[in-house]
Amino acid sequence: ESQNYSPVIKATWTTVLARHSLAEVGLLFYGKLFDMIPEIQHMFTSERETQSAKFASMLATIVSSVESPEVLFEQLRLLAPMHIQKGVKEEHMPRMGRVLFATLEHALDAPLTEEARAAWEW
């Protein structure tokens, strides 16, 4: 499946980065996150700029690993302990996905296509 979805994910990401810096994408994500899910704000103890930069950098790493599911899985697996420690639960994930989509759509200034949405959901 990665061969079907990775070009779409990378194309979307390239377009986002043509319009916004990594720092802007991170700040946009956290702005959307705290607007859409304000009750989780207490989980974030770092300065927003610091947290935003970490998120954007990790998202860029994940996008660059999308053609290698094993590498992608390892990247995501490494994130799990810290997120569990902070209190992130499985039921948060669908909402986080909606935040990511809202961030991408804002950055693109357009809704995601069905193809792009399916790729990012993969």
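The values are calculated or read from the model by the stated rules, or taken from the named source; none is laboratory data. Keep in mind the model is a prediction, meaning the values are calculated, not measured. We place every Cβ from the backbone using ideal geometry, glycine too, and count neighbours over all the protein chains shown. All accessible areas refer to the heavy atoms of the entire protein, side chains included, with ligands and DNA or RNA removed. Shrake-Rupley method; radii C 1.70, N 1.55, O 1.52, S 1.80 Å.
Can you list the DSSP H helices in the chain whose Cα atoms extend at least 27 Å along the helix axis and whose mean Kyte-Doolittle hydropathy is 1.6 or higher?
None clear 27 Å together with a mean of 1.6.
May I ask which residue of Thr45, Met58, Ile9 lies farthest towards the positive end of the charge dipole of the chain, with charges of +1 (Lys, Arg) and -1 (Asp, Glu) on Cβ and the Cα centre as origin?
Thr45
Taking the Cα centre of the stretch 14-70 as origin, work out the dipole magnitude from +1 charges on Lys and Arg Cβ and -1 charges on Asp and Glu Cβ, in debye rounded to 20.
It comes to approximately 120 debye.
Can you check what the net charge comes to around Gly87, using other residues whose Cβ is under 15 Å from the Cβ of Gly87 (Lys, Arg +1; Asp, Glu -1)?
0
How high is the relative contact order of the stretch 15-56, in percent, with contacts defined as C-alpha pairs under 8 Å that are six or more residues apart?
58
Net charge near Pro111: determine it from the other residues with C-beta under 11 Å of the C-beta of Pro111, scoring Lys and Arg +1 and Asp and Glu -1.
Details: positive: Arg117; negative: Glu105, Asp109, Glu114.
My count for the surroundings of Pro111 gives -2.
Just the number please: accessible area per residue for the chain, 1.4 Å probe, all protein chains included, in Å². Please report the intermediate quantities before stating the final value.
Details: 7440 Å² over 122 residues.
Each residue of the chain exposes 61 Å² on average to a 1.4 Å probe.
How large is the translational diffusion coefficient of the stretch 9-75 in µm² per second when you combine the Kirkwood radius over alpha carbon pairs with Stokes-Einstein at 10 °C and 1.306 mPa s?
D, rounded to a whole number, is 123 µm²/s.
Using the scaling law 2.2 N^0.38 Å as the reference, what is the normalised Cα Rg of the chain?
That works out to 1.03 for the chain.
With a 1.4 Å probe and all protein chains in place, put Ile37, Ile62 in order of accessible area, largest first.
In descending accessible area the options line up as Ile62, Ile37.
Could you give the dipole magnitude of the chain about its Cα centre, charging the beta-carbon of Lys and Arg +1 and that of Asp and Glu -1, in debye to the nearest 20?
260
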